[in-house]
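Any read-out appearing in this document is the output of simple, stated calculations on the displayed coordinates, not a laboratory observation. Please read these numbers as outputs of a predicted model, since none were measured by experiment.
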Amino acid sequence: MPRSNRPRRPPGAANANLGRSARSKWATPAAELDLERTRAGIPTRESGPDGDWSVRQITARNAAKDYKCPGCGMVIPPGLPHLVVWQEDSLFGRDTAVADRRHWHERCWRTRRSGGGRLGRR
């Protein structure tokens with residue numbers, strides 16, 4: 001006795017309306033990875049005479065607000081790539097250090113030791 005009373009599909013129509021099957025799932029090529037965006041979320045660790053720092057790059061696409069650079073005192077406008085920096089060896093712990101993170105122009109961060117940039121508040 002047959003399992004169902006539905007009529008069988010005609011040959012060739014078996015793959016016509018599969019929805020999310022293996023055939024339709026793999027029919028389109030995978031989207032290319034945006035490596036810049038992937039690396040942007042991972043902070044790097046830098047050591048210097050002023051301590052150990054975590055430095056994360058912010059891409060132009062992810063820069064959405066105005067920030068004040070503590071190195072030069074100028075505003076970092078939305079859409080400008082820059083760095084987010086926090087101190088790893090803070091006396092008050094990692095949570096406080098991350099809460100006190102600062103947004104820097106890349107050049108200001110790289111020249112902070114020679115230019116005497118201060119680590120002030122926003």
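Compared with the alpha-carbon gap, the fully stretched path from Glu46 to Val98 is longer by 17.2 nm at 0.36 nm per residue.
Starting from the Cα gyration tensor of segment 53-92, take the square roots of the eigenvalues, sort them a ≥ b ≥ c, and report rounded, prolate or oblate (rounded when a/c is under 1.5, otherwise prolate if a/b is larger than b/c, else oblate). Oblate shape, in that a/c is at least 1.5 and b/c is the bigger or equal ratio. Between Arg113 and Glu88, full extension at 0.36 nm per residue minus the direct alpha carbon distance yields a gain of 7.3 nm.
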